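The values are calculated or read from the model by the stated rules, or taken from the named source; none is laboratory data. This is a predicted model, so every value here is computed, not measured. For neighbour counting, all protein chains shown are included, and Cβ atoms are generated from backbone atoms with ideal geometry for every residue, glycine included. Side chains included, ligands, DNA and RNA excluded: accessible areas come from the protein's heavy atoms. Shrake-Rupley method; radii C 1.70, N 1.55, O 1.52, S 1.80 Å.
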Amino acid sequence: MKILVFSDLHGSLNGLKALMATDDYLTADKVIFLGDVSFGCSRPDECIKLLNNSNITCLLGNNDRYIINNHIAEKEMHTFNAGKH
């Protein structure tokens, strides 16, 4: 069984699309995203939509949990320092 694991997109839609076009992704039996789709990034909403429309198993990263738990708007994330919380 071939498992592909990745993390820390931080809103890189181009990075996600590039990964999804690789042979490693296309031939994987299981794909797991370990989190941090957002946080001070350019296109988190589009990354979330693409992940939701895929067969990728997604987990929440520390930045994702912080946003959810503190109801922080993405536009405010540029002031957030994950290492201090």
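Brief remarks on what is shown
- Heavy-atom SASA rank of ILE68, ILE48 (probe 1.4 Å, accessible area, largest first): ILE68, ILE48
- Computed about the Cα centre, the dipole magnitude for the stretch 9-66 is approximately 120 debye when only Lys and Arg (+1) and Asp and Glu (-1) carry charge, each at its Cβ.
- If the chain linking ILE3 and ASP24 were pulled fully straight, counting 0.36 nm for each residue of separation and taking away their Cα-Cα distance, it would gain 6.7 nm.
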